[in-house]
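Derivation of every value follows stated rules applied to the coordinates shown; laboratory data play no part. No experiment lies behind these values; they were computed from the predicted model shown. Note: ideal-geometry Cβ built from the backbone for every residue, glycine included; neighbour counts use all protein chains shown.
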Amino acid sequence: MARTSERFPGVEWIGDTGVFIKIDEKKCTGCGNCLKVCLGGCFEIENKLARIRSLDECMECASCWYVCGEEAIDFSWPPGGTGYRSDWG
């Protein structure tokens, strides 16, 4: 069954995609760029380092990976394909 969110009308998340974003704590500087670009609110800062709060509303856009100047974020598409579907494509 697909999950929806009131924050994002027209968006569904299908199944469990597993972990497809990881943060290397040895590389992370806690700059917060990933928090700033993430529409789904997937990240938080804890002990001066970024960590994944939840991937429940991840849009799978890879913006977090793109803005991480320290290359601390490892992003790969979810196994078996995307878990995100929208009315817009």
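Here the chain was treated as a single set of alpha-carbon atoms; its pair distances binned every 5 Å from 0 give 3, 15, 25, 24, 17, 10, 6, 1 percent. Couplings 3J(HN,Hα) for the range 4-13, derived from phi with the Karplus relation 6.51 cos²θ - 1.76 cosθ + 1.60 (θ = phi - 60°), are 10, 9, 5, 5, 10, x, x, 10, 10, 10 Hz, where x marks Gly and Pro.
Excluding same-chain neighbours fewer than eight residues apart, the aspartates and glutamates reachable from K26 by a Cα-Cα span under 12 Å are E70, E71. Rounded to the nearest 20 debye, the dipole magnitude of the chain is 160 debye, with +1 charges on Lys and Arg beta carbons, -1 on Asp and Glu beta carbons, and the Cα centre as origin. Phi angles of the range 60-75 translate, via the Karplus equation with coefficients 6.51, -1.76, 1.60 and θ = phi - 60°, into HN-Hα couplings of 6, 8, 6, 4, 4, 5, 5, 8, 7, x, 8, 6, 8, 9, 9, 10 Hz per residue; Gly and Pro are given as x.
Helices in the chain, meaning DSSP H runs of at least 4 residues, each add -39500 (n - 2.57). Divided by all residues, the mean residue ellipticity at 222 nm is -2000 deg cm²/dmol. Taking the fewest neighbouring Cβ atoms within 10 Å as the starting point, the ordered list for R7, R51 is R7, R51. Here is the short version for the chain: C28, C31, C38, C42, C58, C61, C68 have no other Cys C-beta closer than 4.7 Å.
Relative contact order for the chain: 37 percent, from Cα pairs under 8 Å spaced at least 6 residues apart, divided by residue count.
Each of V11, V67, V19 was scored by other Cβ atoms within 10 Å of its Cβ. Listed from fewest to most, they are V19, V67, V11.
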